[in-house]
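The values are calculated or read from the model by the stated rules, or taken from the named source; none is laboratory data. In this text the structure is predicted, and so the values were computed from the model without any measurement. FYI the Cβ positions are ideal-geometry reconstructions off the backbone, even for glycines, and counts take in every protein chain you see. All accessible areas refer to the heavy atoms of the entire protein, side chains included, with ligands and DNA or RNA removed. Shrake-Rupley method; radii C 1.70, N 1.55, O 1.52, S 1.80 Å.
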Amino acid sequence: MYYVLMKSHDIRQNLATEQYLMNQKSFIEPLVLFYSEGPSIIVGRNQNTMAEINQKYVAEHKIVVTRRLSGGGAVYHDLGNLCFSFVVDAADEKFGDFETFTQPIVTALQKMGVQDIEVSGRNDILVAGKKFSGSAMYTKNGKIFSHGTLMLNVDLDVVTHALNVPADKIASKGIKSIRSRVTNLRPYLAPEFRDLTTEEFRDKLLLQLFAAPNLAAIKEKEYQITAADQKQINQIYTSTYSNWNWIYGESPDFTLQKRQHFTMGTIDARLLIQQGRINEVTFYGDFFGSEDVKAVADVLSGVIYDRQHISQAIAKLDLANYFKGIEPAAIIDLLAQ
């Protein structure tokens, strides 16, 4: 087995590296990758990004959002989380067999003192009945990667806010995440492992996987990303993982109902979102205005559905002419979540 310890803390760079190593490099043995990143949300290939995230909270806290190649649900990462990925020939493993892929991790954690650990459902690992790891798979050109999370010391408070979509009436064809009871792994480790940083935890886990006494003993098994590799990785980063069309434009179409009562009347907005843009919006309600509210709908047509672009679009209008006595900021809040 070979291994790569990614140096970047940008999930988009790390996913690009994973994709590159799978598709462009060949190894005579399985490859294991380890990486961690700053605050970020990664949605599954078949999900509706906007339906998975609390857009206002994510924007305010500068949380990176991207989409991965594999299926499954949305997850939150920060530097308290360690990601692992196994890359193997498809002929050697069965796609969807998460238990086989995760067994080396489970065994390593057991050796580090974790008890009452089990693979549960199709792709989760539990400790004391709570989820601390989820996995997803992708296959192409005769290879499979199975990647997963290990929540060592993740800020669980952020998880509940960032992935807690406000209760608007939303109808989407995307695959919704199923929220489970989650926990951090740190309290379940043996005492000598509980105060490790994420990087130190990664190294201890790696040594368990290789049954090695220290990193020097397995140094020849480490693959170092070259300058030529990095050039191609950067291209994948730009074309895919930091590309708005991939992250949001790939989302299935969905509809929204945004309704709120104000002192000067109620606004009930119905929106159709296609490929991440407002295709159509209709306003209902008992609000007052001297001009036809259809002009607001027209200026929003084709606009990227997020706070910034909605704000820029309706800044062209004097909203007092359409929604008498209702502050423009309140209207933006209503429309943009």
Subject >> Every pair of residues 6+ apart whose Cβ atoms lie under 6 Å, when the first sits in segment 228-250 and is assigned to a helix (DSSP H, G or I) while the second is open to solvent by 70 Å² or more (accessible area, probe 1.4 Å) and not aromatic (Phe, Trp, Tyr) >> reply: GLY249/GLN275
Original post:
Would you pick out the residues in segment 1-16 that are open to solvent by 10 Å² or more (accessible area, probe 1.4 Å) and either under 16 Å from THR139 (Cα atoms) or assigned to a helix (DSSP H, G or I) (or both)?
Top reply: ARG12, GLN13
**OP:** Search segment 19-38 for residues that are among the polar types (S, T, N, Q) and pair each with any residue that is modelled with pLDDT of 95 or more and loosely packed, with under 14 Cβ neighbours inside 10 Å when their beta-carbon atoms are under 8 Å apart and the residues are at least 6 apart or on different chains.
**Re:** SER36/GLU199
Subject >> Failed condition for LYS62, given (1) open to solvent by 30 Å² or more (accessible area, probe 1.4 Å); (2) under 30 Å from GLU220 (Cα atoms); (3) assigned to a loop (DSSP other than H, G, I, E, B) >> reply: (2)
Original post:
Quick one: LEU82 ticks every box in (1) over 25 Å from ILE332 (Cβ atoms); (2) under 11 Å from the mean Cα position of the chain (by Cα) bar one, so which box is it?
Top reply: (2)
Original post:
Just checking, how many residues over segment 43-59 are under 16 Å from ILE11 (Cβ atoms), assigned to a loop (DSSP other than H, G, I, E, B) and either without any contact (Cβ under 8 Å) to a residue 24 or more places away in the chain or of a type in the set (S, T, N, Q) (or both)?
Top reply: 1
Original post:
Under the condition of being open to solvent by 30 Å² or more (accessible area, probe 1.4 Å) and among the hydroxyl-bearing types (Ser, Thr, Tyr), which residue from segment 126-166 is nearest to ALA51 (Cα to Cα)?
Top reply: THR160
Original post:
Which pairs have Cβ atoms under 6 Å, sit 6 or more apart or on different chains, and link a residue in segment 189-217 that is closer than 19 Å to GLN115 by Cβ to one that is part of a helix (DSSP H, G or I)?
Top reply: ARG194/ARG186; LEU205/ALA108; GLN208/ALA108; GLN208/LYS111
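Is it the case, given these coordinates, that GLN224 is open to solvent by less than 90 Å² (accessible area, probe 1.4 Å), within 30 Å of PRO30 (Cα to Cα), not in a loop (DSSP other than H, G, I, E, B) and not charged (D, E, K, R)?
Answer is no for this residue.
With under 21 Å from ARG202 (Cβ atoms), open to solvent by 20 Å² or more (accessible area, probe 1.4 Å) and among the aromatic types (Phe, Trp, Tyr) as the only criterion, which of PHE27, PHE84 stands out?
Numbers: PHE84 fails: open to solvent by 20 Å² or more (accessible area, probe 1.4 Å).
That would be PHE27, the only listed residue that is under 21 Å from ARG202 (Cβ atoms), open to solvent by 20 Å² or more (accessible area, probe 1.4 Å) and among the aromatic types (Phe, Trp, Tyr).
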**OP:** Only residues that are touching a helix residue (DSSP H, G or I) at 6+ places or on another chain (Cβ under 9 Å) and open to solvent by less than 60 Å² (accessible area, probe 1.4 Å): list them for segment 196-207, please.
**Re:** LEU196, PHE201, ASP203, LEU205, LEU206, LEU207
